[in-house]
Amino acid sequence: MATPSKSSENTLRKRRVGPLKETSNPDDSTANYGEDISKHETKQKTENLQPGTYWLTRIILLRSVVFIYFIAFTVAFNQNKQLIGERGLMPCKDYLLSVKRYVGGKIDMSAFAYTPSILWFLDWTNMDANLDGISLVGMALSGFVLVTGMANMVVMITLWVLYHSLVSVGQLW
């Protein structure tokens with residue numbers, strides 16, 4: 001087998017990464033080749049995105065989750081009065097009263113742990129308005145995030161708490 005000599009290593013052409021430049025003289029192109037590579041490498045270093053930035057994934061995931069919240073709050077706004085409202089099929093006011101009796105007759109952490117909902121802290125005289133208010137606040141907040149694409153941890157936790165408040169008093173069907 002032939003062993004590579006030092007002269008053959010120097011004569012090997014390196015692969016050009018940048019755009020091809022038309023030249024009339026082939027000897028001039030090899031002379032400028034080193035300059036082209038160094039210019040291209042510095043330009044490429046400034047244009048590359050930094051590794052670990054998942055901006056497109058964040059945009060798609062955030063808007064997908066918020067779209068699901070928006071649809072869920074819209075459905076809740078349209079159906080809560082008929083299903084768990086004061087005159088609904090299974091009123092949530094009766095459910096909260098039965099949970100209150102089950103945990104000892106007072107609203108404390110045990111009642112909140114059994115059925116976590118912000119409805120424990122609201123006035124129960126007009127439960128339909130409470131359910132509609134939770135749904136409308138959730139729709140407005142998720143609509144804002146859906147349109148602007150701006151959200152932080154507080155907004156996402158608020159959406160989760162609002163949704164979980166409706167789901168936990170929804171009972172089994």
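Structure values in brief
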{"read-out": "Residue count for the range 97-125, restricted to those that are touching a Phe, Trp or Tyr at 6+ places or on another chain (Cβ under 8 Å), part of a loop (DSSP other than H, G, I, E, B) and under 26 Å from PHE70 (Cα atoms)", "value": "1"}
{"read-out": "Check on GLY133, out of contact with any Lys or Arg (no Cβ under 7 Å at 6 or more places or on another chain) and in a loop (DSSP other than H, G, I, E, B)", "value": "no"}
{"read-out": "Unmet criterion (only one of (1) in a helix (DSSP H, G or I); (2) closer than 13 Å to VAL169 by Cα) for ARG58", "value": "(2)"}
{"read-out": "Scope the range 74-118; condition under 29 Å from the mean Cα position of the chain (by Cα), among the hydroxyl-bearing types (Ser, Thr, Tyr) and closer than 14 Å to VAL169 by Cβ; matching residues", "value": "TYR114, THR115, SER117"}
{"read-out": "Only one of ASP94, ASP128 that is touching a residue at least 12 places away in the same chain (Cβ under 8 Å), out of contact with any Leu (no Cβ under 8 Å at 6 or more places or on another chain), part of a helix (DSSP H, G or I) and not basic (Lys, Arg)", "value": "ASP128"}
{"read-out": "Residue check for VAL66: at pLDDT 90 or above and in contact with a helix residue (DSSP H, G or I) (Cβ under 6 Å, 6 or more places away or on another chain)", "value": "yes"}
{"read-out": "Candidate set: the range 105-125, residues that are in contact (Cβ under 8 Å) with a residue 24 or more places away in the chain and among the hydroxyl-bearing types (Ser, Thr, Tyr); chosen: the one surrounded by the most Cβ atoms within 10 Å (Cβ to Cβ)", "value": "SER117"}
{"read-out": "Filtered residues of the range 102-160 (kept if of a type in the set (Asp, Glu) and either touching a Gly at 6+ places or on another chain (Cβ under 6 Å) or on the phi > 0 side of the Ramachandran plot (or both))", "value": "ASP128"}
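The values are calculated or read from the model by the stated rules, or taken from the named source; none is laboratory data. All of these numbers come straight from a predicted model, not from anything done at the bench. In this analysis, Cβ positions are derived from the backbone assuming ideal geometry, glycine residues included, and neighbour counts consider all displayed protein chains.
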